[in-house]
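Q: I have a structure I would like to understand better, so I am pasting it below and will then ask my questions one at a time.
The values are calculated or read from the model by the stated rules, or taken from the named source; none is laboratory data. Owing to the predicted nature of the structure, the values given are computational and were not obtained by experimental measurement. Note: ideal-geometry Cβ built from the backbone for every residue, glycine included; neighbour counts use all protein chains shown.
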């Protein structure tokens, strides 16, 4: 066999051994993996991708639970795990009371992993499946949108600049893949106030080579020590507890059903399953699917979301 034929044959073997495509990332899958692991069914990495180990864990869980053994996270299995995917946008409420500062301080502190509290996907991690003060978050988003004009064109108080800032924030190349959906949609409604926080996280207002963790960034902006701190006073005056609770969690930190309900209610999405309505009314974040399914709770993201130790 000639050198070139041997090389081509080796390449075919390598290519054939590689997986044709990686399983897509789904936040509900990640939540289910965490729930199964807590129940003693090892799904492998809690990465939101339904690979072979996850399917095996689902099958074993279904067998023990008396469910049809499909190996898939179907509606019955998700319901048994206590994971909802219904639309609640017409009944957004405070699923928990507005958190006190002491509650927020517990979230920001080390629980399972002193270095990566919010990147820790083990069962019962400090920011997994948290309920949200939904009505308070929706009210805060509306207040920001009313003041900074970030609603869709034609919406009450919408301005060209405010909408542009909001869209650019959602489609940022910074790609905050460690932020939950509610985190980035809530954050992007704020125009001037978010500058201080963004600069602190990105290192633009920190010493060379330093990027502040989110709790420290908040404290620096509130105290007026960081660049563009003055506009951030809006947060301190109107929604300090909401801001901290929403911003300090990441990826699968929150109950996905609740966060999608808040977001869809804010944008006025009546039927999240209607792809055309979803595409028209709700702007996509960078990591969202492009097929009009981004309003759904159970959706496949185009980019895998992953934790980050800040």
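Q: Give the residue, chosen from 110, 126, 133, that is surrounded by 13 or more Cβ atoms within 10 Å (Cβ to Cβ) and either at pLDDT below 90 or over 27 Å from residue 261 (Cβ atoms) (or both).
A: Criteria check complete, one pass: 126.
Q: Exactly one of (1) under 23 Å from residue 139 (Cα atoms); (2) touching a strand residue (DSSP E or B) at 6+ places or on another chain (Cβ under 7 Å) is unmet by residue 246. Its number?
A: Here residue 246 clears every test but (2).
Q: State whether the residues of region 67-85 include one that is under 23 Å from residue 277 (Cβ atoms) and at pLDDT 95 or above.
A: Checking region 67-85: not a single residue is under 23 Å from residue 277 (Cβ atoms) and at pLDDT 95 or above.
Q: Tell me, which helices (runs of 4 or more DSSP H) wholly within region 131-191 include 3 or more residues that are farther than 22 Å from residue 248 by Cα?
A: Of the helices (runs of 4 or more DSSP H) lying wholly inside region 131-191, those with at least 3 residues that are farther than 22 Å from residue 248 by Cα span 134-148, 160-170.
Q: Do we have any residue at all in region 219-234 that's surrounded by 18 or more Cβ atoms within 10 Å (Cβ to Cβ), in contact (Cβ under 8 Å) with a residue 60 or more places away in the chain and over 17 Å from the mean Cα position of the chain (by Cα)?
A: Looking through region 219-234, at least one residue is surrounded by 18 or more Cβ atoms within 10 Å (Cβ to Cβ), in contact (Cβ under 8 Å) with a residue 60 or more places away in the chain and over 17 Å from the mean Cα position of the chain (by Cα).
Q: Would you please name the residue that is nearest to residue 130 (Cα to Cα), looking only at residues in region 201-211 that are free of Cβ contacts under 8 Å to residues at least 60 places away in the same chain and either in contact with a helix residue (DSSP H, G or I) (Cβ under 6 Å, 6 or more places away or on another chain) or surrounded by fewer than 16 Cβ atoms within 10 Å (Cβ to Cβ) (or both)? Break it down into steps so the answer makes sense when it comes.
A: Taking region 201-211 as the starting set, the residues that turn out to be free of Cβ contacts under 8 Å to residues at least 60 places away in the same chain are 202-210.
Now drop any that are not either in contact with a helix residue (DSSP H, G or I) (Cβ under 6 Å, 6 or more places away or on another chain) or surrounded by fewer than 16 Cβ atoms within 10 Å (Cβ to Cβ) (or both), which leaves 202-205, 207-210.
On the way: 202: 26, 203: 29, 204: 31, 205: 31, 207: 34, 208: 35, 209: 33, 210: 30 Å.
Ranking the candidates gives 202 first.
Q: Do we find that residue 281 is out of contact with any helix residue (DSSP H, G or I) (no Cβ under 8 Å at 6 or more places or on another chain) and surrounded by fewer than 21 Cβ atoms within 10 Å (Cβ to Cβ) in this structure?
A: It is false that residue 281 is out of contact with any helix residue (DSSP H, G or I) (no Cβ under 8 Å at 6 or more places or on another chain) and surrounded by fewer than 21 Cβ atoms within 10 Å (Cβ to Cβ).
Q: Going through region 52-68 one residue at a time, which ones are within 23 Å of residue 300 (Cα to Cα) and without any contact (Cβ under 8 Å) to a residue 12 or more places away in the chain?
A: 52, 53
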